[in-house]
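Worksheet for the structure shown next.
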């Protein structure tokens with residue numbers, strides 16, 4: 001069965017570079033290790049385990065795959081595959097994942113083969129890129145924002161906040177819109193629709209005045225776009241009164257949405273900015289303008305990596321930088337908050353919500369679906385890992401649906417909304433859920449003790465073997481100790497205890 005936590009964690013393979021044309025594949029006559037490693041990275045180890053041969057070919061192998069690795073000996077490939085056999089496979093149900101009918105859904109009534117689209121950005125900015133994405137298995141693309149302005153980009157224009165192993169946690173860009181002409185982009189739409197008629201083309205547009213919003217929407221429809229996304233949210237426009245400046249003024253959202261809707265007959269989505277306290281005013285304005293749905297979130301205005309010697313933040317362009325859009329897995333909690341807000345809105349009932357903001361794995365995508373998203377858009381993960389991530393997005397979500405006995409991905413949309421509130425006053429406060437300590441996994445590092453002493457309620461002390469001992473009279477059940485434990489040796493207890501009653 002699908003577990004709440006991955007049995008094999010990213011930390012177990014942090015040195016894996018997730019190579020293109022991985023040397024480990026060429027060195028292994030029995031398996032393609034790179035695909036298995038990638039599935040582990042993207043929390044899809046059950047699917048990886050289910051596809052393994054009956055007997056582990058790594059048994060007795062001298063490890064040529066590890067020798068061929070671009071980091072020889074640093075990635076324990078045989079051990080990871082062995083754990084797929086011993087830890088994951090016994091709990092994995094055998095099922096036909098070639099049947100992807102569970103993933104079929106729609107965007108405003110137009111069929112999608114799965115809920116995954118590329119979001120408007122560099123990853124969907126040319127014919128060749130979109131075609132390769134379609135061939136890889138993406139259901140559609142939201143093409144990079146089309147405009148009539150003359151776009152000249154800065155160099156460099158990206159920076160990142162990185163984690164262990166160099167993986168990108170948060171990503172900043174100061175990029176603007178499509179640098180192709182409107183005419184060139186319309187030709188790309190025609191070719192894509194001719195060669196990939198079943199794929200979905202969502203055309204992102206940005207006008208400078210009402211007539212231009214309408215004209216761009218009309219042209220996109222005439223040249224093959226299935227729907228239009230109105231970019232009211234780009235934080236990087238050089239000129240005032242564009243992008244996120246519009247998304248912060250509901251009346252402009254209404255007017256420009258109405259102009260686009262009047263000019264075309266295909267669905268219109270308003271893409272809203274997270275650089276506001278609440279999206280509801282802009283979303284309601286879009287509905288008044290006739291929008292068929294909402295897309296959210298766009299990137300968050302940010303500053304990253306101030307150089308302590310030059311005093312310039314990143315990316316630095318001839319000694320200057322600028323506020324830019326922040327994306328990646330780091331923004332997912334913020335994106336989920338906005339999606340939940342929109343999903344709970346009565347004004348948006350029955351309207352399509354295309355959700356994005358930090359999606360990397362199928363579990364990330366599922367969280368957005370549970371909070372009301374009807375389709376999922378992805379950019380930053382593709383920029384880091386490539387179009388190939390669609391394999392694990394689809395197979396992981398498909399396996400989850402199959403194991404839950406859910407026939408359609410549409411049946412999980414919004415299932416998490418009833419359990420979330422915009423305020424904390426609905427939460428029960430009369431009981432405590434204590435932590436439980438797994439002594440066999442504890443290494444006695446004392447991290448939990450330090451955190452509880454200096455950041456909690458002084459409820460933990462080490463015993464003679466350096467293992468933590470809980471004082472139930474002091475513990476408030478905050479679970480800080482669970483979060484900081486590097487061994488995952490602390491878990492929630494099985495039942496709640498009435499407040500003021502010491503832990504048994």
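Find how much the distance from residue 193 to residue 98 grows on full extension, using 0.36 nm per residue of separation minus their present alpha carbon separation; answer in nm with one decimal.
Gain on stretching residue 193 to residue 98: 31.6 nm.
Mean residue ellipticity at 222 nm from the helices of the chain, using -39,500 (n - 2.57) per DSSP H segment of n ≥ 4 over the full residue count, to the nearest 500 deg cm²/dmol?
-8500 deg cm²/dmol
Using the basic label-point model (7 angstrom from Cα toward the beta carbon), what is the residue 308 to residue 277 distance in nanometres?
3.7
Once each part is reduced to its C-alpha centroid, what is the distance from the stretch 267-296 to the stretch 110-180 in angstrom?
Answer, in whole Å: 21.
Below 8 Å, C-alpha to C-alpha, sequence gap of six or more: please give me the relative contact order for the stretch 10-91 in percent.
The normalised contact order for the stretch 10-91 reaches 37 percent.
Could you tell me what percent of the DSSP beta bridges with both partners in the chain are antiparallel, to the nearest 5?
Bridges in the chain that DSSP calls antiparallel: roughly 45 percent.
Once label points are set 7 Å from the Cα along Cα→Cβ at both residue 9 and residue 440, what is their separation, rounded to one decimal in nm?
1.8
Let me know the whole percent of all Cα-Cα pairs from the chain that are separated by more than 28 Å.
60
Assuming R0 = 51 Å, what is the FRET efficiency of residue 483 and residue 64, from their Cβ-Cβ distance, to the nearest 0.05?
0.80
Going by alpha carbons, how many degrees (0 to 90, nearest 10) lie between the helix axis of 390-404 and the longest principal axis of the chain?
60
Using the Cα atoms of the stretch 10-91, I'd like the radius of gyration and the largest Cα-Cα distance, Dmax, both in angstrom.
Cα-based Rg and Dmax for the stretch 10-91 come out at 11.5, 32 Å.
Calculate the all-directions average of the projected area of the stretch 210-313's alpha-carbon convex hull, and give it in nm². Intermediate results must be reported in sequence, preceding the final value.
Values: hull surface 30.7 nm².
Projected over every direction and averaged, the Cα hull of the stretch 210-313 covers 7.7 nm².
Tell me, in nm to one decimal, what length is gained between residue 410 and residue 32 on full extension, where the rule is 0.36 nm per residue of separation less the Cα-Cα distance? List each step's numbers first, then the result.
Values: separation 378, 0.36 × 378 = 136.08 nm, distance 3.32 nm.
Here the answer is 132.8 nm.
In what sequence do 180, 309 fall when counting other Cβ within 10 Å, fewest first? List each step's numbers first, then the result.
On the way: 180 18, 309 5.
Final ranking by Cβ density, sparse to dense: 309, 180.
For the Cα atoms of the chain, what angle does the longest principal axis make with the long axis of helix 250-263, in degrees from 0 to 90, nearest 10?
Helix 250-263 sits roughly 60 degrees off the main axis of the chain.
At 20 °C and 1.002 mPa s, what whole-number value in µm²/s does Stokes-Einstein give for the translational diffusion of the stretch 302-418, with Rh from the Kirkwood sum over Cα pairs?
This corresponds to a translational diffusion coefficient of 134 µm²/s.
For a bin width of 5 Å, list the pair-distance distribution of the stretch 361-504 built from all Cα-Cα distances, rounded to whole %.
2, 8, 14, 13, 11, 11, 14, 13, 10, 4, 1
Need the full-extension length gain, residue 318 to residue 429, defined as separation in residues times 0.36 nm minus the C-alpha distance. One decimal, nm.
Here the segment from residue 318 to residue 429 would lengthen by 34.5 nm.
Using the alpha-carbon atoms, what tilt in degrees (0 to 90, nearest 10) does helix 182-195 show relative to the longest principal axis of the chain?
Approximately 60 degrees, to the nearest ten.
Expressed as a whole number of Å, what is the distance separating the alpha-carbon centroids of the stretch 428-504 and the stretch 1-79?
One Cα centre to the other: 35 Å.
Going by average Cβ density within 10 Å per residue, which order do the peptides 279-289, 418-428, 448-458, 222-232 take, highest to lowest? Spell out each step's value before the answer.
Working: 279-289: 22.4, 418-428: 8.5, 448-458: 16.7, 222-232: 24.5.
For the peptides 279-289, 418-428, 448-458, 222-232, the packing ranking is 222-232, 279-289, 448-458, 418-428.
What is the ratio of the Cα radius of gyration of the stretch 431-498 to 2.2 N^0.38 Å, where N is its residue count, to two decimals?
Values: Rg = 10.9 Å, N = 68, 2.2 N^0.38 = 10.9 Å.
Compared with the compact-globule rule of thumb, the stretch 431-498 sits at 0.99.
Let me check against my output: what whole-number percent is the relative contact order of the chain, with C-alpha pairs under 8 Å and at least 6 apart?
Reported as a whole number, the value is 12 percent.
Values quoted throughout were computed directly from the atomic coordinates according to the rules given, and no laboratory measurement underlies them. Because the structure is a prediction, the values reported are computed rather than measured. Here Cβ is always computed from backbone atoms with ideal geometry, including for glycine, and neighbour counts include all displayed protein chains.
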